[in-house]
Every structure is written in structure tokens, then in C-alpha cells.
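Here's the structure, in C-alpha cells; my notes come after.
The values are calculated or read from the model by the stated rules, or taken from the named source; none is laboratory data. The structure displayed is predicted, hence computed values, not measured ones. Cβ placement follows ideal geometry from the backbone for every residue including glycine, while neighbour counts extend to all protein chains displayed. Side chains included, ligands, DNA and RNA excluded: accessible areas come from the protein's heavy atoms. Shrake-Rupley method; radii C 1.70, N 1.55, O 1.52, S 1.80 Å.
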Amino acid sequence: MKKILLGLILLCSTSAWGENTLAIEDFAIAAGEEKDIEVKMYNDVTFTAFQFELELPEGVSVKFDEDEEEYCVARSNRLLNAHNVVSQYQSNGAFKVMVYHNTNKNLKGNSGDVVLTLTLIASDQVSTGTFTPHINNIEMTEYNSTTQTATKYKPEAVTYNCTVNINATVTTLGYASFSWPRALDFTNSGLTAFIAKDCNGQSIQLHEVTKVPANTGLILKGIAGSENTYSLETTDEETLDDVSSNQLTGTASGAYTVEGENIYVLSNLDDGTPGFYNANEGIHVGQYKAYLAYTGDIPARTGLTFDEGDAATGIESCKQEERKGNLLFYDLQGRNVNQPQKGVYVSNGRKVIVK
């Protein structure tokens, strides 16, 4: 096939420019998603062959069919079944596609119709954002059967927009456990992200974070009422939140099967509120989730509730010194209370109920 293609190229005697090019419409793709994209040909002459090199965002690639041992590049009805399609990745990372016919038969169809469909897949190593990759080194060949000569058209590189994101879905109660193999920035996500700083055997003390390192186990809080999906952003910043005290273990590198006791996973507690339940051995925790391994001295309850007070209000940063032999008390808005009445307060970093 390479010799036939080479022979066709050697016949090319001139280069022409005009309204002849290839194009890909703008699209969005999420990590873990497969997406079919269409390559369209715009032409005012009839072509028998074409080729191009496609740039793709980092972490997005053309899917490889293991059974067929070839990349997922499908012909449209503009190509005769006898048209050969050869595709491979180049050393520069571009995906090259060559289409030609052994006896120089022309492509069919109208200008602007699809010629190829490529199946893309986004890995969990994607960089999020909107990118403008190029379709480079486009060549389109017109063949004159009378003179047995070929004219090669070389249009300029074409760009397209590709939006890449990471999706996280919260339950109807508004929570999800999460982890990801790249650093994340939750600033514009619409979610509140927490690590678990402590577990006293009854509740998990949550601490809000914004920019977290890769593989951090997290609790995400969004809008309750229905399953809602949020778009997350990766970050390359070097300064990230300190998560060294985090008690959650992420499963970004692969799913986890519970072994032994004292492993807790996100669920709805008996009263319908979200929390962490003690998981039976053999329970499957999916990839990109998180779980808690309780290591405290005090036996833990079957269900652990969330204590968001410190994390959500910054109470945890208040001084915890003693005054005249008595502990300082703060309400859930972080205000000092000299004479606490009936209610819930924070004292010495712990939630206290005054009855």
C-alpha cells in the first residue's frame, strides 16, 4: 500500500489553492468519555485522495480497537469501500490519516459532507480547559484520468475548539466521595470540597479545601435534591492546600475491595442523612472514590456523621487557649460566646452540646 501511495504522490505536478479544505466542528469531551467526531471535506473540485495530521489536547487520543488491531477511523459514504484508510501516530504526537484509492477513483458526495469519523477517548490524565488544536499538513489530490496527472492541493492549517473537563456527580443528598490522579482546583466548580481531618468514632470532622494535590481523598458537597454533575478543573500550580492530616484514602489509581474491619464508605445513614457506614468485607469501592479507615482507640459507631462546622466557618483556626481556667466557646458562626446557653458550640476544637 505504501508503494501505491508513493506512486500517486510522484504524479503530482502542480500545487493549487482554493476553497478546498478539511474541518472538524467544535466539541466537548469529559475524562473517561468516548466521543465520535466527524471530519468534513469542503471542496470545489473532485478529489481521489487526501491526508492530514490531527492535533489533540493532552490526554485525548484516537481509540484503538484491540480486536481489529487498528484505530477507530470509520469511512463515510463519500468514500468507496475500496478506498484505503491508513492511520498512525507520528513521533510529534499528531495523529496522521491517509486516504487513497488503488486505481484513483474519486470521492463521492457534496462539499461539506463527512468523509471520516474518528472515535476519541479522554483519559484521566487530561488537562481541562478549552483548546484550539490544529489540523496540519492537509493534502488533497485531484486526479485527471485523461492526462493521468495529479494536482495536489495544500490548504493552510485549520483549527477547531475542544473543551475538556472532568465530571463529578453528587447524590440526591448532595454529597459524593471523590479522588483524581491530577491536582484539582475547586474555585469555580460550584462544589465545596472537604478532607477529613479527624474522626472521634462518632463523627468525621471535615475541613474545606480549594486546591488539592493529585490522589487526595475528598468529600464533595453540592446541591441536594437530585443527582447533579459538576465540571472540575485541573491545576498545575505548585502551591496547593495542605492535606497531610487527611484521613480519607482515594481510589484514583484503581478500585478498592474492602478487606478487614473499620473501613467506612459514603452512604445514607439510617435516618436518611449522608455519612460514612462501616462497610462489610468484600464491598467494592469504585475508582475515583474515597473511603475512611478508622484507626481510633474508641470503638466507632456503625455510621459516622459529618461535622462541617469547623470546615465551613473557619472555627478551626480560632485560638484554643484557656481563659481563667475555663475553655473558650464559639458558636457555629465562629463568634466567641462568654456564657453559652442551650445549643451547639465548638470548644477546644470539638463540637459541644450544651443542654
Report the residue count in region 126-151 for those that are over 23 Å from Tyr89 (Cβ atoms) and touching an Asp or Glu at 6+ places or on another chain (Cβ under 7 Å).
-> 2
Which number in (1) crowded, with 21+ Cβ neighbours inside 10 Å; (2) at pLDDT 95 or above marks the one condition that Thr119 misses?
-> (1)
Residue list for region 33-44, restricted to those being at pLDDT 95 or above and part of a loop (DSSP other than H, G, I, E, B) = Glu33, Asn43
Single residue of Gly254, Gly275, Gly282, Gly250 found to be at pLDDT below 95 and open to solvent by less than 40 Å² (accessible area, probe 1.4 Å) | Gly275
Identity of the residue in region 149-170, within 23 Å of the chain's Cα centre (by Cα) and buried (at least 17 other Cβ atoms within 10 Å of the Cβ), that ends up nearest to Gly59 (Cα to Cα) | Val164
Would you mind telling me which numbered condition in (1) surrounded by fewer than 19 Cβ atoms within 10 Å (Cβ to Cβ); (2) more than 15 Å from Ala300 (Cβ to Cβ) Asn262 fails?
-> (2)
For region 146-159, does any single residue satisfy the condition of being touching a helix residue (DSSP H, G or I) at 6+ places or on another chain (Cβ under 6 Å), more than 30 Å from Asp236 (Cβ to Cβ) and part of a strand (DSSP E or B)?
-> no
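Can you say whether Phe47 is of a type in the set (Phe, Trp, Tyr), open to solvent by less than 50 Å² (accessible area, probe 1.4 Å), touching a residue at least 24 places away in the same chain (Cβ under 8 Å) and in a loop (DSSP other than H, G, I, E, B), as far as the supplied structure shows?
For Phe47, the condition - of a type in the set (Phe, Trp, Tyr), open to solvent by less than 50 Å² (accessible area, probe 1.4 Å), touching a residue at least 24 places away in the same chain (Cβ under 8 Å) and in a loop (DSSP other than H, G, I, E, B) - is met.
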Scan region 50-64 for residues that are in a strand (DSSP E or B) and either among the acidic types (Asp, Glu) or crowded, with 16+ Cβ neighbours inside 10 Å (or both) and jot them down.
-> Phe50, Gln51, Phe52, Glu53, Leu54, Val60, Ser61, Val62
Residue identified as at pLDDT below 95, crowded, with 18+ Cβ neighbours inside 10 Å and touching a Phe, Trp or Tyr at 6+ places or on another chain (Cβ under 7 Å) among Leu22, Leu8 | Leu8
Can Asp67 be described as out of contact with any helix residue (DSSP H, G or I) (no Cβ under 6 Å at 6 or more places or on another chain), open to solvent by 80 Å² or more (accessible area, probe 1.4 Å) and modelled with pLDDT of 95 or more?
-> no
Is it the case that Asn102 is open to solvent by 30 Å² or more (accessible area, probe 1.4 Å) and closer than 18 Å to Asn43 by Cα?
-> no
